[in-house]
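K.L.:
One structure is given below, represented as structure tokens, and several questions about it will come after.
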């Protein structure tokens, strides 16, 4: 009888614990605060810290944050690093805003780096294939 009571208590405790986890789930809270996350990432894109700028740009693309297109366009045009410009182009591609796609198309012709031009060309062709299908 004592074992049955202990088992019932443990079962109740585990169920209550799982239910409380669902209420305080940090993933749900971060999704609810999407606007705040995007606002902070847009500030990160303007940082002096290279790692913060590039990781913020990448995450803005992952969030498909339309409101960050202007910051990413600035990064595509003004960044010294080829890698950072490529990352900005990738994020613009993921967002699929017309201004970003046009900037990628122009980077194919006018970017100072041959590497960036070639990768932006691949991004642009990928976008064209995607809209065809």
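The values are calculated or read from the model by the stated rules, or taken from the named source; none is laboratory data. Quantities reported herein were computed from a predicted structural model and do not represent experimental measurements. When we count neighbours, we look across all protein chains shown, and the Cβ atoms used for this are built from the backbone with ideal geometry, even at glycine.
K.L.:
Among 104, 43, 86, which is surrounded by 10 or more Cβ atoms within 10 Å (Cβ to Cβ), over 22 Å from residue 119 (Cβ atoms) and modelled with pLDDT of 95 or more?
P.N.:
43
K.L.:
Right, something else. Do you know which residues across the stretch 107-123 are surrounded by 15 or more Cβ atoms within 10 Å (Cβ to Cβ), in contact (Cβ under 8 Å) with a residue 24 or more places away in the chain and part of a helix (DSSP H, G or I)?
P.N.:
107, 116, 119, 120, 123
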